Amino acid sequence: MTRSVALVTGAGSGLGFAVVEHLRSLGWAVAGVDLKAGESPADLIFTADIADQSQVETTVAATIEKFGQLDAVVNCAGIFIDALTPVEVFSRTSWDRTIAVNLTACFLLARASLPHLKHTGGSIVFIASTAARVPSPGAGAYAASKAGAVALAKTIALEYGRFGVRSNAILPGYMNTPMAAPALSKTEVKTEIEARIPIGRVAEPQEVARLVGFLVSDSGRYLTGEEIAFDGAKSLTAFTEPADIDRMWRRAERIRSQVQ
Ligand code: NAD
């Protein structure tokens, strides 16, 4: 049987690295691409800038040349720069780079890959962020880029469903990766972040990778055009103070003790 073939961006770090490992453990052949390939476990690794059209097209062509087909594309590469900068002082350069890497690159890769995915009835996964739904102050470019990626994922689901091609977006909350390390490496900050997540902790990249594995597999064959929050219910607390939930549980304890 021919092995399924995936192309994973951001394969040298964090989630992309975990996705490569997971898909390989499921028997997939995996090509990875990253600005810094590092120690990526991919079968074939390209060092390239995915915001550059010709580098994207070369990467897809070389993947097809090596493996002969393409069954899945997973957009993990992303950047989060100039945090805590309000719109009026956010630089045009940082805006352009954020949109180029987090959104335009997804378009370029989809455009180059879809002719091949039509042959295999393959699928695309976009790693967006809960910021697509619930932006944080000071990160407008990031939120806009991720909301754009979700819209692109849904558009492709509409356009390519007739070819059996599926397209979905995952919206992670905090993940324990190098991108989040500046915050999560400080114990007090991590504790404060986790106190605001109903499930009580940040996600491990391997947990998100397992969802990617499901979405690109035959088990997910009727799942398309979806945006799946993977955030321990964090985005549901946007308008609810965690303190409100604490208060509710204290009341539940009182009710339970009165009943007994
Ligand atoms: P990471 O920084 O560990 O990995 C991102 C990888 O993308 C890096 O290896 C980097 O070199 C690569 N990359 C960046 N720009 C590139 C380019 N132009 N061309 C090729 N490769 C490029 O981050 P991560 O946490 O693994 O992030 C994975 C995805 O998850 C990103 O899209 C990110 O926005 C998203 N996300 C992360 C978190 C989090 O808390 N870590 C939360 C929500 C969403």
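Here are the numbers for this structure:
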{"read-out": "Rounded Å value of the spacing that divides the Cα centres of region 152-189 and region 99-145", "value": "8 Å"}
{"read-out": "Candidate aspartates and glutamates - alpha carbon under 13 Å from LYS154, same-chain residues fewer than 8 apart omitted", "value": "GLU226, GLU227"}
{"read-out": "Nonlocal amide H pairs with SER123, under 5 Å, H built at 1.01 Å", "value": "ALA72, VAL73, ARG166"}
{"read-out": "GNM result for the chain, Cα springs below 10 Å: residue of LEU215, LEU109, LEU26 fluctuating most strongly", "value": "LEU26"}
{"read-out": "Mean Kyte hydropathy of -1.0 or more with a Cα span along the axis of at least 24 Å, helices from DSSP in the chain", "value": "140-160"}
{"read-out": "Relative contact order (percent, whole number), region 107-260, Cα cutoff 8 Å, 6+ residue spacing", "value": "26 percent"}
{"read-out": "Within the chain, helix-based [θ] at 222 nm, where runs of 4 or more DSSP H residues each add -39,500 (n - 2.57), nearest 500", "value": "-14000 deg cm²/dmol"}
{"read-out": "Apportionment of accessible area to carbon and sulfur, the chain, percent (1.4 Å)", "value": "55 percent"}
{"read-out": "Rg over Rh, two decimals, the chain (C-alpha only, Kirkwood Rh)", "value": "1.02"}
{"read-out": "Kirkwood hydrodynamic radius over Cα pairs of region 118-249, then Stokes diffusion coefficient at 37 °C and 0.692 mPa s, in µm²/s", "value": "205 µm²/s"}
{"read-out": "Under the Debye formula (equal points on every Cα, no solvent term), log10 I(q)/I(0) of region 34-149 at q = 0.09, 0.12, 0.23 Å⁻¹", "value": "-0.27, -0.47, -1.29"}
{"read-out": "For region 171-260, the Rg and Dmax computed from alpha carbons only, in angstrom", "value": "17.1, 50"}
{"read-out": "1.4 Å probe accessible area per residue over the chain, in Å²", "value": "52 Å²"}
{"read-out": "Overall form of region 1-56 per C-alpha gyration tensor (a/c, 1.5; a/b vs b/c)", "value": "oblate"}
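The values are calculated or read from the model by the stated rules, or taken from the named source; none is laboratory data. Worth saying up front: this structure is predicted, and the values here are computed from it rather than measured. For the accessible areas, the whole protein counts, side chains as well, though only heavy atoms, and no ligand, DNA or RNA atoms are used. Shrake-Rupley method; radii C 1.70, N 1.55, O 1.52, S 1.80 Å.
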